[in-house]
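Enquirer: Structure incoming, see below.
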Amino acid sequence: MEGDAELRNLYQEALLDYYQSGAHKGKISASDFYSHGINPVCGDELEITMKKGGDGNIAQIRYAGHGCVISQASSAIMAESLEGKSVQDALSLVSAFKDMMLSKAAPESLPEDLEAAKALEGVRRFPTRIKCATLAWNTVAQGLSARGKSEFKEGA
Amino acid sequence: MLDVRRIREDFPILSRTVHGKPLVYLDNAATTQKPRQVVAALAEFYERHNANVHRGVHTLSDEATALMDAARRKTAEFLHAPKPETVVFTRNTTESINLVAHSWGRKFVSAGDEILLTEMEHHSNLVPWQMLAKEKGARLRFIPVTEDGRLDLAAAPGLITAKTKLVAFTAASNALGTLNPVPGLIALAKSRGARTLVDAAQWTPHYPTDVASWDCDFLVFSAHKMMGPTGLGVLYAKEELLEAMDPFLGGGDMIERVSWEGFTPNVVPYKFEAGTPNIAAAAAFSAALDYLSRAGFAALHEHEAALTKRALEIFAEFPAATVYGPKEPGARGGIVSFNIEGVHPHDVGTAFDLEGVAVRAGHHCCQPLMGRLKVGGTARASFYLYNTMNEVEALGGALAKTAAFFKRPAGVK
């Protein structure tokens, strides 16, 4: 694939839409879970806040922080995909997403709930950018596992 | 004038393609490419002379030792250092600074002392001093950076006090391209009795260095940013300081005599070079210094200044781009650090890469400085002797294309 086609393949329309939409961006003040993530490669930081519903499921997820198209769009997709899920289901979706990003599983085998995450498949060919895509997912998983305040750092 | 066409023939890597486009290598401030002559010197060492230094009583060991000695002599000449023994070989600039912090700092810096740095230091000229300051209870102070990315020289005299033990500063900023007034800063430090360390990592590849006339106490740089191999750094220090400093790492080669109870250190500079050094890299660095001297700093500077001038013109015509650092071409080297409005530097880096244009993107190991400039990071193009005017135009092309690609009508769904 040559440069131009590769640029469009990496930054798919759907990804740019998520980046631009600002959906799920923000901070929940009285959050049940809080998680802070950092990507040491670029120094970008991400704050994820979550609110539980009466059924114990994740009712609301918000992300805050400055980042590239890939990390911001991935954060929005993560929030959209995990809202309404139980903690257990959310964690298994995170694993499924990471398996796809790390090329352990094909994008076609992603669960239906992660349909939107297929827009990130192009990132897999850019090893230096995979961490931009996984940061939000690793950070949220950390928050869910810790059930409180947590810190996550992508391995450098 | 540089014969760039001929120079490029010495760098086979420059004729490769990336993502189907010709490579435009503009990440020279991170590391430069190596000419055939340097690669050949590496191969020749391993194919003809490979042996350990200072130990074997055999021909190959003598040859390896001679190559290492020659590299030290050549490096000393390059720096206008008084003696080859004032040149210590390390792994890189970072290790050279850590050596000074460890061997000089731990001995001569005490609680309450001050170390003066600048706000534009690379993490490698910041973190070792933070570690030392924490251990000793010393205080770090910083010469501020102005809005246009220069050192606030008016503030500097007030920051040097009777407690200042060391003024450590970069000669040329890796993040902004700013060229600092090295002799003036050294003179100021000396007038207050402080020692000086010059981080010349971004200086030695582009400008003549004269430690004798500068009269600095320490000067550090890396071979790989000036066409030499990776894995070789240099520490120049005044002989009396090297004599007074404690050894760095312990082990073979740095000792004169060892008993069960203790050791006596070897003479300078070997006392700081424990273990088998990077002999092949030293031999190849000689070839890099020869290459640089054939090109000549005057011609090199003229060439880089022309490329930088054109790059700055291109950026100036581009309202969506912000360039950091001094506006006057004379105050900056061949580095253009920039952002495209609304586009994260890493997206810029990837989009440029897909055009074949290699630039650095991120905080450039200067996180506090980025905070000072109120940016998360920047993208950075940096030039060297083999870059062409066409490549600067390709940089402009990538800039226009990237800005257009990421600029989408607001609210599109």
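Enquirer: Solvent-accessible area per residue for the stretch B:38-293 at a 1.4 Å probe radius, Å²?
Expert: It amounts to 39 Å² per residue over the stretch B:38-293.
Enquirer: So, one more: At a 1.4 Å probe, what is the % contribution of carbon and sulfur to the accessible area of the protein assembly as shown?
Expert: Whole-percent figure for carbon plus sulfur exposure: 53.
Enquirer: Just to be sure I understand the model, the point goes 7 Å from the Cα along the line to the Cβ. What's the resulting A:ALA5 to B:ARG6 distance in nm?
Expert: Calculated label separation equals 4.2 nm.
Enquirer: What FRET efficiency, computed as 1/(1 + (r/R0)^6) with R0 = 30 Å and r the Cβ-Cβ distance, is obtained for B:THR59 and B:LEU249, rounded to the nearest 0.05?
Expert: The formula returns an efficiency of 0.55 here.
Enquirer: Taking only the alpha carbons of the stretch B:293-368, what extent do you get along each of the three principal axes, in Å, biggest first?
Expert: That works out to 41, 29, 24 Å along the principal axes.
Enquirer: Roughly what angle does helix B:59-79 make with the longest principal axis of chain B, taking Cα atoms, 0 to 90 degrees, to the nearest 10?
Expert: 60 degrees
Enquirer: For a Förster distance of 56 Å, can you work out the FRET efficiency between the beta-carbons of B:ASP148 and A:SER109, rounded to the nearest 0.05? Mind showing how you got there, number by number?
Expert: Working: r = 53 Å, r/R0 = 0.95.
That gives a FRET efficiency of 0.55.
Enquirer: Something else now. Taking only Cα atoms, what is the 0 to 90° angle, nearest 10, from helix A:87-101's long axis to the longest principal axis of chain A?
Expert: It is inclined by approximately 10 degrees.
Enquirer: For the stretch A:3-153, compute the orientation-averaged projected area of the C-alpha convex hull (one quarter of its surface), in nm².
Expert: Mean shadow area of the hull around the Cα atoms is 8.4 nm².
Enquirer: Right, here's the next one. Quick check for you: which residues of the stretch B:350-383 have the amide N under 19 Å from the point 7 Å beyond the Cα of B:GLU341 toward its beta carbon?
Expert: Inside the label zone: B:374-379.
Enquirer: Any chance you could list P(r) for chain B, counting all Cα-Cα pairs in 20 angstrom bins from zero, rounded to whole %?
Expert: 26, 54, 19, 1
Enquirer: What is the calculated FRET efficiency for B:ALA305 to B:ALA70, with r their C-beta to C-beta distance and R₀ = 51 Å, to the nearest 0.05?
Expert: Approximately 0.95, to the nearest 0.05.
Enquirer: Moving on to the next point. Round to the nearest 10 and give me the degree value, 0 to 90, for the angle of helix B:389-406's Cα axis relative to the longest principal axis of chain B.
Expert: Around 60 degrees separate the two axes.
Enquirer: For A:LYS52, go through the lysines and keep the ones whose alpha-carbon is under 18 Å away, minus same-chain ones fewer than eight residues off.
Expert: A:LYS25, A:LYS27, A:LYS85, A:LYS149
Enquirer: Using the charge dipole of the stretch B:167-322 (Lys, Arg: +1 at Cβ; Asp, Glu: -1 at Cβ; taken about the Cα centre), state which of B:LEU197, B:PRO229, B:ALA295 has its Cα farthest towards the positive end.
Expert: Farthest towards the positive end: B:ALA295.
Enquirer: At 0.36 nm per residue, and after removing the present C-alpha to C-alpha distance, how many nm does the segment from B:LYS374 to B:LYS327 gain when stretched out fully?
Expert: Full extension from B:LYS374 to B:LYS327 adds 15.1 nm.
Enquirer: In addition: Using a simple charge model, +1 on the beta-carbon of Lys and Arg, -1 on the beta-carbon of Asp and Glu, nothing else, what dipole does chain B show about its Cα centre, in debye to the nearest 20?
Expert: Rounded to the nearest 20 debye, it is 840 debye.
Enquirer: For the stretch B:238-334, report the % of Cα-Cα distances exceeding 24 Å.
Expert: So the portion of pairs separated by more than 24 Å is 57 percent.
Enquirer: Summing Lys, Arg as +1 and Asp, Glu as -1, what charge do residues with Cβ under 14 Å from the Cβ of B:SER382 carry, B:SER382 excluded?
Expert: +1
Enquirer: Are any of the pairs B:LYS136/B:LYS238; B:LYS163/B:LYS309; B:LYS134/B:LYS238; B:LYS309/B:LYS407 more than 30 Å apart by Cα-Cα distance, and if so, which? Don't skip to the end; give the middle numbers.
Expert: On the way: B:LYS136/B:LYS238 24 Å; B:LYS163/B:LYS309 42 Å; B:LYS134/B:LYS238 26 Å; B:LYS309/B:LYS407 27 Å.
Distance filter (> 30 Å) returns B:LYS163/B:LYS309.
Enquirer: Please list, short to long, the whole-number percent of alpha-carbon pairs of the protein assembly as shown in consecutive 10 angstrom bins beginning at zero.
Expert: Binned Cα distances yield the sequence 3, 16, 23, 23, 19, 12, 4, 0, 0.
The values are calculated or read from the model by the stated rules, or taken from the named source; none is laboratory data. Keep in mind that what you see is a predicted model, and the values were worked out from it rather than measured. Please note: Cβ atoms are built from the backbone with ideal geometry, for glycine as well, and neighbour counts cover all protein chains shown. Keep in mind that these areas ignore ligands, DNA and RNA; they rest on the heavy atoms of the full protein, side chains included. Shrake-Rupley method; radii C 1.70, N 1.55, O 1.52, S 1.80 Å.
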